[in-house]
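All remarks here apply to the structure that follows.
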Amino acid sequence: MEVILIQDVDNLGAANEVVTVKNGYARNYLLPRKLAVESTPGNRKQLEERLKQARKREEALLATINEVISKLKESPVKIGAKTGTSGKIFGSVTNLQISRAIREQKGYEIDRKKITILNEVKELGTHKAVIDFGNGHSTELDFEVVAE
């Protein structure tokens, strides 16, 4: 029996996949638990429509991500820090400070958990961080630590 999976099922397949299973497994387990629906022409059309909508959402998200990446690459983000006489900063720069600086200077809200600083920042100068947007999309961000 062919069924269309609504949710991911271990050892069987992912959501929106058409799989062939035994009749008893479909009738007694998948269908009553709403994990799958029977593969009928109407349900196949609904599946195609869901996949088309998902592709449109993915394309719109990708366009937004590319816009944010191009805006972030234009110029480095400046982060102010208190320094001593030798040019070393008190403490270190955190991903929360980078997130706030991006919000104030570039106008984009990026969650601090998506920002990874490559090296510990304890001195003035230009440094790098990686922003992970998910779905395999990430970019390297240059930021400059300046004395306040």
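Looking at Arg33, is it without any contact (Cβ under 8 Å) to a residue 12 or more places away in the chain, in contact with a strand residue (DSSP E or B) (Cβ under 9 Å, 6 or more places away or on another chain) and either in the same structural domain as Lys128 (by TED's automatic domain parsing) or part of a loop (DSSP other than H, G, I, E, B) (or both)?
Answer is no for this residue.
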All but one of (1) in contact with a helix residue (DSSP H, G or I) (Cβ under 6 Å, 6 or more places away or on another chain); (2) on the phi > 0 side of the Ramachandran plot hold for Asp132; which doesn't? (2)
Residue pairs meeting the criteria (Cβ under 8 Å; at least 6 apart or on separate chains; first under 13 Å from Val121 (Cβ atoms) and in contact (Cβ under 8 Å) with a residue 12 or more places away in the chain, in region 89-106; second of a type in the set (Ser, Thr, Tyr) and buried (at least 16 other Cβ atoms within 10 Å of the Cβ)): Ile89/Thr83
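Would you check if Lys82 is touching a strand residue (DSSP E or B) at 6+ places or on another chain (Cβ under 9 Å), modelled with pLDDT of 90 or more and more than 30 Å from Glu17 (Cβ to Cβ)?
Working: touching a strand residue (DSSP E or B) at 6+ places or on another chain (Cβ under 9 Å): yes; modelled with pLDDT of 90 or more: no; more than 30 Å from Glu17 (Cβ to Cβ): yes.
Here the answer is no, as Lys82 does not meet what is asked.
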Residue check, Ile110 assigned by TED's automatic domain parsing to the domain that holds Gly136 and among the hydrophobic types (A, V, I, L, M, F, W, C): yes
Glu49 meets each of (1) in a helix (DSSP H, G or I); (2) touching a residue at least 24 places away in the same chain (Cβ under 8 Å) with one exception, condition (2)
So Ile89, is it surrounded by 12 or more Cβ atoms within 10 Å (Cβ to Cβ), at pLDDT below 90, of a type in the set (Val, Ile, Thr) and closer than 30 Å to Asn16 by Cβ: no
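The values are calculated or read from the model by the stated rules, or taken from the named source; none is laboratory data. Note that the structure is predicted; figures quoted are calculated from it, not measured. Note: ideal-geometry Cβ built from the backbone for every residue, glycine included; neighbour counts use all protein chains shown.
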